[in-house]
Amino acid sequence: MVCILISWLVSVVAFDLLQRRVPNQWLLLSAALAFFVLARDASPLAVTWQDALTGGGVAFVVLLGFYALGMMGAGDVKFAAVLGLWLGGPPLVPIAVGAGLLAGGHALVCLARRHGPALLRRQRRAAGAMPAGTPVAGHASAHAPALDGAIPYAGYLALMALLWIALSLAPP
């Protein structure tokens, strides 16, 4: 069962990073499988019903607020809820913190790609190193899209969940 969970998480990482979405079918199938595993008392990570429902519910409610504010996509919210079913509540805190740091780094890269060339041109013009209107060689336009503009938070959650699973299953 751990192999299925790991495969699903790897798929979410790849799909969200490349497509900026997580298919609803994957989320529904994984939620159903999580409930099936819980019903058989066969959780690969010894998650109880109470931990699973609490983790899934709290993740959904907390991230739903970010979705309502337009700061997160619906797929990210649904993925976090399903992840809570698989892992329970306690691991979601360090996973969310790690994913938040990765997403913040992603946002900084996007900002640098979007605004860095224009800032470089302004600095060179201010220093008298180049006349106004001169393009900066090797740099994209300041109006170029920055990595699609969407942050693949579900992918980063999945990546951090993989790290958490690897650390929790590693021998002491």
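For the stretch 152-169, name all the residues that are touching an Asp or Glu at 6+ places or on another chain (Cβ under 9 Å) and farther than 11 Å from Ile6 by Cβ.
Result: Pro152, Tyr153, Ala154, Gly155, Tyr156, Leu157.
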Practice task
Would you confirm whether any residue within the stretch 22-37 is in contact with a Ser or Thr (Cβ under 8 Å, 6 or more places away or on another chain), closer than 23 Å to Ser168 by Cβ and small (Gly, Ala, Ser)?
Solution key: no
Practice task
Identify, by number, the condition in (1) aliphatic (A, V, I, L, M); (2) open to solvent by 30 Å² or more (accessible area, probe 1.4 Å); (3) within 24 Å of Gly57 (Cβ to Cβ); (4) touching a helix residue (DSSP H, G or I) at 6+ places or on another chain (Cβ under 9 Å) that Leu87 doesn't meet.
Solution key: (2)
Practice task
Of the conditions (1) in contact (Cβ under 8 Å) with a residue 12 or more places away in the chain; (2) open to solvent by 30 Å² or more (accessible area, probe 1.4 Å); (3) part of a helix (DSSP H, G or I); (4) not hydroxyl-bearing (Ser, Thr, Tyr), Ala34 clears all except one; give me its number.
Solution key: (2)
Handout entry: the stretch 11-27: number of residues that are more than 11 Å from Phe79 (Cα to Cα) and part of a loop (DSSP other than H, G, I, E, B)
Key = 1
Practice task
Please work out if Val2 is modelled with pLDDT under 95 and either touching a Lys or Arg at 6+ places or on another chain (Cβ under 6 Å) or among the hydrophobic types (A, V, I, L, M, F, W, C) (or both).
Solution key: yes
Exercise for the section: Scan the stretch 44-68 for residues that are open to solvent by 30 Å² or more (accessible area, probe 1.4 Å) and more than 13 Å from Phe79 (Cα to Cα) and jot them down. Expected result: Pro44, Leu45, Ala46, Thr48, Trp49, Gln50, Asp51, Leu53, Thr54, Gly65, Phe66, Ala68
Practice task
Those residues that are at pLDDT below 70, part of a loop (DSSP other than H, G, I, E, B) and in contact with a His (Cβ under 9 Å, 6 or more places away or on another chain), I need them from the stretch 115-172; list them, please.
Solution key: Ala142, Ala146, Leu147
Handout entry: Residue match in the stretch 66-87 (condition: at pLDDT 95 or above, over 18 Å from Tyr156 (Cα atoms) and among the charged types (D, E, K, R))
Key = no
Practice task
Consider Leu101 carefully, then state whether it is open to solvent by 50 Å² or more (accessible area, probe 1.4 Å), assigned to a helix (DSSP H, G or I) and either modelled with pLDDT under 70 or touching a Leu at 6+ places or on another chain (Cβ under 7 Å) (or both).
Solution key: no
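The values are calculated or read from the model by the stated rules, or taken from the named source; none is laboratory data. Owing to the predicted nature of the structure, the values given are computational and were not obtained by experimental measurement. As a convention, Cβ positions derive from the backbone with ideal geometry for all residues, glycine included, and neighbour counts pool all protein chains shown. Calculation scope for accessible area: heavy atoms of the full protein, side chains included, ligands and nucleic acids excluded. Shrake-Rupley method; radii C 1.70, N 1.55, O 1.52, S 1.80 Å.
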